[in-house]
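These notes concern the structure reproduced below.
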Amino acid sequence: MKEKTDMIVIGAGSAGRYAARAAATLGKMVTLVEKGPFGGLCILKGCMPSKALLKPAHVYHMMKHRLEPLGLGIDGTPRVDVPAIVRMKNAMIREMAEDARKVVEQTQGVTLRTGNFRFTGTNAGMLDGAPILFDKAVIATGSRIHLPAIAGLEADWMITSDDVLEMERLPSSTLVLGGGPVGLELGQYLSCLGSDVTLVDTNMNWHPHTDPEIAREYLGALASRGMTIHLGIRNERFGIQEGKPFFQFQSGGKNHTVSFEKVLVATGRRPDTSMLDLQAAQVHTTKHGQVQVDQFLRTSNHNIFAAGDVTGILPVLNLATFHGEMAGRNAALPEPVPVREPVVPVAIFTDPEYARAGLTETQASMRRVPVITGRISFSDLGKAIVYRETEGGLKIIAHAKTREILGVEIFGAGASDLVHTLTAAMHFHATIDQYQEMLHIHPTFSEIFKYLVDDMTGSL
Ligand SMILES: Cc1cc2nc3c(=O)[nH]c(=O)nc-3n(C[C@H](O)[C@H](O)[C@H](O)COP(=O)(O)OP(=O)(O)OC[C@H]3O[C@@H](n4cnc5c(N)ncnc54)[C@H](O)[C@@H]3O)c2cc1C
């Protein structure tokens, strides 16, 4: 007899685990399938290991270059032990994956199965060679690294984010292709620990919708810490001279030649659906393989839902877990409910950090939303001055008529935490006038929002 389950969730990463738990809470018997290793991208090769490496890199950089303004110094040279950094990272990651597995195993109604899943029909699939029937399914298979074909780029020069996380000897020089969060964070990791890093991106604007002034100052701050950054590169080519690889390109009207030991390809990831046989399940994808979903997170097969990186909506952890939970709920309910559009804060964990939530001014203008804006620098903030952390600034946008806060963009120390203050305000649809009434602790970095909103509301 064929095995049968109420719901199959394919992929036990962050989205899959949240989907399985939400459906089990609603009384469904859920089979959660993971091809392994267990843990998902965030724990194994994404958010957690990258931050575990960045922390010592930032401290090392500070010890070498930023003690003087604090009246401190070190006699001798600070030491870097990359194998020890990687070992400690691995121990933390192992423990996190184990803890996540225990949570799944202890969740009533969820059965964790190891194996590869593929669809064989609209309500049927094969789990490691054995047929299985399901009433509902959630696809949460995440993404995989995409290596674009680049003329002249030889395979043995190439490294990916997966490689950087494991490297015990860092390249003496690294060319980073791609100025997204992964390229910037791992580029800075390598740079802080001594690799000569050049980061290039074909886009002229660092990120199409960010504020140009914040983008320029943020990238300038990264450059001042050692990375060379070129945007809008053209006529690029790889070559070899006297056995050594080089990369040639034009940028800012000049020709550049960069030699390198390794090339970190950080040009993005693609949905991981190739093994699923989505056609058999009548699940449609875009031409980039993203599983298309509607406002209920339902695919073209209304018994199959999808969440996380596989949908290509926004590859960040907070949205993967939110959508995972919503997809699991909707798959379990007799009638699905529309999924609200949350405010999604995002961050880049470089030193200094960059973070954003809600709309940027460019996005607001594309949607023809009239806005008022305010801008402030950390050099105007008491806490930043006494902590010698004045690099950075932020911008708030609010609706010109309703005065509701619509977006914030920020770079500087602690931006990834600070951004939540205004994310909460946006979540509850606060106006700048309501925000202005809120007291802030003095002296704090969060106080900068108060100063700016005081200014925007004319309350100074
Ligand atoms: C270097 C790096 C740093 C990052 N840092 C951050 C960060 O700081 N903050 C942030 O918000 N986001 C970050 N991200 C992105 C974040 O990790 C992802 O958005 C998130 O983990 C995606 O979760 P997911 O559940 O959609 O996919 P995944 O976690 O990838 O889960 C998919 C699971 O499906 C399994 N699977 C695939 N196919 C099958 C199959 N056929 N059968 C069974 N199982 C299958 C896979 O093995 C995997 O475990 C980072 C990403 C990278 C690469």
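Residues that are out of contact with any strand residue (DSSP E or B) (no Cβ under 8 Å at 6 or more places or on another chain), hydrophobic (A, V, I, L, M, F, W, C) and more than 30 Å from residue 168 (Cβ to Cβ) within the range 16-51 comprise 22, 26, listed in sequence order. Of all residues in the range 170-194, exactly one satisfies the criterion of being touching a strand residue (DSSP E or B) at 6+ places or on another chain (Cβ under 6 Å), away from the ligand (no atom under 14 Å from the Cβ) and over 20 Å from residue 153 (Cα atoms), namely 191. Please go through the range 166-202 and give me each residue that is in a loop (DSSP other than H, G, I, E, B) and either under 19 Å from the mean Cα position of the chain (by Cα) or without any contact (Cβ under 8 Å) to a residue 12 or more places away in the chain (or both), ordered by number. Those that are in a loop (DSSP other than H, G, I, E, B) and either under 19 Å from the mean Cα position of the chain (by Cα) or without any contact (Cβ under 8 Å) to a residue 12 or more places away in the chain (or both): 178, 179, 180, 201. Within the range 47-55, can one find any residue that is over 27 Å from residue 298 (Cα atoms), at pLDDT 95 or above, in the same structural domain as residue 281 (by TED's automatic domain parsing) and more than 16 Å from the ligand (Cβ to nearest atom)? No, the conditions are met nowhere in the range 47-55. Restricting the first member to the range 267-289 and to residues that are surrounded by 15 or more Cβ atoms within 10 Å (Cβ to Cβ) and charged (D, E, K, R), and the second to residues that are part of a loop (DSSP other than H, G, I, E, B) and at pLDDT 95 or above, the beta-carbon pairs closer than 9 Å and six or more apart or on different chains are 269/142; 269/315; 270/290; 270/312; 272/11; 272/141; 272/142. Based on this model, can you work out whether residue 324 counts as more than 24 Å from residue 52 (Cβ to Cβ), in contact with a helix residue (DSSP H, G or I) (Cβ under 8 Å, 6 or more places away or on another chain), touching a residue at least 24 places away in the same chain (Cβ under 8 Å) and among the small types (Gly, Ala, Ser)? Judged against the criteria, residue 324 is not a match. Counting residues in the range 218-225 that are among the polar types (S, T, N, Q), in a helix (DSSP H, G or I) and modelled with pLDDT of 95 or more gives one or more.
When you look at residue 128, is it acidic (Asp, Glu) and at pLDDT 95 or above, yes or no? Criteria not met by residue 128. The residue that is farthest from the ligand (Cβ to nearest atom), counting only those in the range 1-31 that are closer than 24 Å to residue 95 by Cα and assigned to a loop (DSSP other than H, G, I, E, B), is 12. If we keep just the residues of the range 327-337 that are outside any helix (DSSP H, G or I) and in contact (Cβ under 8 Å) with a residue 40 or more places away in the chain, which is farthest from residue 24 (Cα to Cα)? The residue in question is 337. Of the residues making up the range 88-123, those that are of a type in the set (Val, Ile, Thr) and closer than 17 Å to residue 20 by Cα number 6. Scanning the range 283-322 for residues that are part of a loop (DSSP other than H, G, I, E, B), among the aliphatic types (A, V, I, L, M) and within 12 Å of the ligand (Cβ to nearest atom) yields 307, 313, 314, 316. Count of the range 384-434 residues, restricted to those that are assigned to a strand (DSSP E or B) and without any contact (Cβ under 8 Å) to a residue 40 or more places away in the chain, is 4. Of the residues examined, residue 125 is one that is farther than 23 Å from residue 237 by Cα, within 11 Å of the ligand (Cβ to nearest atom) and of a type in the set (Gly, Ala, Ser).
Checking each residue in the range 281-309 for being under 21 Å from residue 337 (Cβ atoms) and either in the same structural domain as residue 181 (by TED's automatic domain parsing) or under 17 Å from the mean Cα position of the chain (by Cα) (or both) picks out 307, 308.
Is it the case, given these coordinates, that residue 340 is free of Cβ contacts under 8 Å to residues at least 40 places away in the same chain and either touching a strand residue (DSSP E or B) at 6+ places or on another chain (Cβ under 6 Å) or farther than 28 Å from residue 24 by Cβ (or both)?
no
Checking every residue in the range 57-72 against the condition of being within 16 Å of the ligand (Cβ to nearest atom), surrounded by fewer than 15 Cβ atoms within 10 Å (Cβ to Cβ), not aromatic (Phe, Trp, Tyr) and not assigned by TED's automatic domain parsing to the domain that holds residue 192 gives zero matches. Is there any pair with a first residue in the range 129-147 that is free of Cβ contacts under 8 Å to residues at least 40 places away in the same chain and buried (at least 23 other Cβ atoms within 10 Å of the Cβ) and a second that is outside any strand (DSSP E or B) and of a type outside the set (Gly, Ala, Ser) whose Cβ atoms are under 9 Å apart and which are 6 or more apart or on different chains, and what are they? Here the result reads none, with nothing in the range 129-147 linked to a residue that is outside any strand (DSSP E or B) and of a type outside the set (Gly, Ala, Ser).
When each of 105, 34 is tested for being surrounded by 21 or more Cβ atoms within 10 Å (Cβ to Cβ), of a type in the set (Asp, Glu) and either under 21 Å from residue 326 (Cβ atoms) or within 16 Å of the ligand (Cβ to nearest atom) (or both), the lone residue that passes is 34. The numbered conditions (1) within 14 Å of the ligand (Cβ to nearest atom); (2) within 26 Å of the chain's Cα centre (by Cα); (3) surrounded by 16 or more Cβ atoms within 10 Å (Cβ to Cβ) are all true for residue 85 except (1). Residues that are surrounded by fewer than 23 Cβ atoms within 10 Å (Cβ to Cβ) and of a type in the set (Phe, Trp, Tyr) within the range 176-206 comprise just one, 206.
The values are calculated or read from the model by the stated rules, or taken from the named source; none is laboratory data. Please read all numbers here as calculations on a predicted model, not as lab measurements. No Cβ is skipped: glycine too gets one built from the backbone with ideal geometry, and neighbour counts run over all protein chains shown.
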